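Down below is the structure, laid out as structure tokens.
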Amino acid sequence: MEKNCVFCKIIAGEIPSAKVYEDEKVLAFLDIAPFNFGHTLVIPKEHCHCFTAIPADTLAAMMSAAQRLAIAVMRATGAPAYNLLMNNGQVAGQEVPHAHLHIIPRFVDDPVSFRAPQKHYEGNAIAEFAAKIQERLARQSAQ
Ligand code: 5GP
Ligand code: ZN
């Protein structure tokens, strides 16, 4: 438990929340300021700052819960679609520094949008980026 973390306080029951799911490793509750009603947050009970800090077994439990929750959220709200979203780091828009996966139900013509202008690779740049990432992955595997 991190002292000043709002989501740790929710886990500890110090701040109320509309819980929808809980197990040994995972908690899910409704976002207090939803993009659409039913917008759900899935979090690890262990305080982790972001995606890459979540232990593998906890991440597996989160994803398994998220899969079931996505279906339940769609059925409960009548949404035909949903977004899974995880902001990691302040620059990426993460406001609460306790990892959380958003499940956002989506409706035809709702005002929610995660689209941004897209870039184009010039020349060989796409292969160069792929090679750089592959090289980093190989180094991580060797560690
Ligand atoms: P982020 O921008 O960090 O990806 O998303 C944080 C989310 O947590 C926001 O959508 C915000 O509405 C939600 N949130 C922040 N504080 C609370 C809270 O005290 N209770 C609940 N249920 N949600 C919160
Ligand atoms: Zn926390």
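What's the total number of residues in region 32-75 that are within 16 Å of ligand 2 (Cβ to nearest atom), touching a residue at least 40 places away in the same chain (Cβ under 8 Å) and part of a loop (DSSP other than H, G, I, E, B)?
5
Taking only pairs six or more apart or across chains, which ones have beta-carbon atoms under 9 Å, a first residue in region 111-135 that is in contact (Cβ under 8 Å) with a residue 24 or more places away in the chain, and a second residue that is surrounded by 10 or more Cβ atoms within 10 Å (Cβ to Cβ) and in a loop (DSSP other than H, G, I, E, B)?
Val112/Phe35; Val112/Asn36
Test each condition in (1) out of contact with any helix residue (DSSP H, G or I) (no Cβ under 8 Å at 6 or more places or on another chain); (2) without any contact (Cβ under 8 Å) to a residue 40 or more places away in the chain; (3) surrounded by 14 or more Cβ atoms within 10 Å (Cβ to Cβ) for Arg106 and report the one that comes out false.
If we test Arg106 against (1) out of contact with any helix residue (DSSP H, G or I) (no Cβ under 8 Å at 6 or more places or on another chain); (2) without any contact (Cβ under 8 Å) to a residue 40 or more places away in the chain; (3) surrounded by 14 or more Cβ atoms within 10 Å (Cβ to Cβ), just (2) comes out false.
Please determine, by comparing only the residues of region 1-10 that are among the aliphatic types (A, V, I, L, M) and within 11 Å of ligand 1 (Cβ to nearest atom), which one is farthest from Glu95 (Cα to Cα).
Among those residues, the one meeting the criterion is Ile10.
If we keep just the residues of region 32-70 that are of a type in the set (Ser, Thr, Tyr) and closer than 13 Å to Met86 by Cα, which is nearest to ligand 1 (Cβ to nearest atom)?
Pass one, region 32-70, residues of a type in the set (Ser, Thr, Tyr): 40, 52, 58, 64.
Filter again for closer than 13 Å to Met86 by Cα, leaving 40, 52.
Numbers: Thr40: 10, Thr52: 15 Å.
If we take residues in region 32-70 being of a type in the set (Ser, Thr, Tyr) and closer than 13 Å to Met86 by Cα, then Thr40 is nearest to ligand 1 (Cβ to nearest atom).
Looking at Tyr82, is it away from ligand 2 (no atom under 16 Å from the Cβ), of a type in the set (Phe, Trp, Tyr), surrounded by 12 or more Cβ atoms within 10 Å (Cβ to Cβ) and closer than 19 Å to Lys9 by Cα?
Considered against the rule, which asks whether it is away from ligand 2 (no atom under 16 Å from the Cβ), of a type in the set (Phe, Trp, Tyr), surrounded by 12 or more Cβ atoms within 10 Å (Cβ to Cβ) and closer than 19 Å to Lys9 by Cα, Tyr82 comes out as no.
What residue, of Met63, Met86, is within 25 Å of Phe107 (Cβ to Cβ) and out of contact with any Leu (no Cβ under 6 Å at 6 or more places or on another chain)?
After ruling out the rest, the residue left standing is Met63.
Return a yes/no flag: does region 11-31 have any residue that is crowded, with 19+ Cβ neighbours inside 10 Å, touching a residue at least 40 places away in the same chain (Cβ under 8 Å), within 10 Å of ligand 1 (Cβ to nearest atom) and of a type outside the set (A, V, I, L, M, F, W, C).
So far as region 11-31 goes, no, none of its residues is crowded, with 19+ Cβ neighbours inside 10 Å, touching a residue at least 40 places away in the same chain (Cβ under 8 Å), within 10 Å of ligand 1 (Cβ to nearest atom) and of a type outside the set (A, V, I, L, M, F, W, C).
Within region 114-143, take every residue that is of a type in the set (S, T, N, Q) and either touching a Pro at 6+ places or on another chain (Cβ under 9 Å) or modelled with pLDDT of 95 or more (or both) and give me the one that is farthest from Ile71 (Cα to Cα).
Residue satisfying both the conditions and the ranking: Asn124.
Can you tell me which condition Glu95 does not meet? The list is (1) within 16 Å of ligand 2 (Cβ to nearest atom); (2) assigned to a loop (DSSP other than H, G, I, E, B); (3) crowded, with 17+ Cβ neighbours inside 10 Å, and all the others hold.
Single failed check for Glu95: (3).
The values are calculated or read from the model by the stated rules, or taken from the named source; none is laboratory data. Predicted, not measured: the structure shown is a model, and the values here were computed from it. Positions of Cβ are generated from backbone atoms using ideal geometry, with glycine treated the same way; all protein chains shown enter the neighbour counts.
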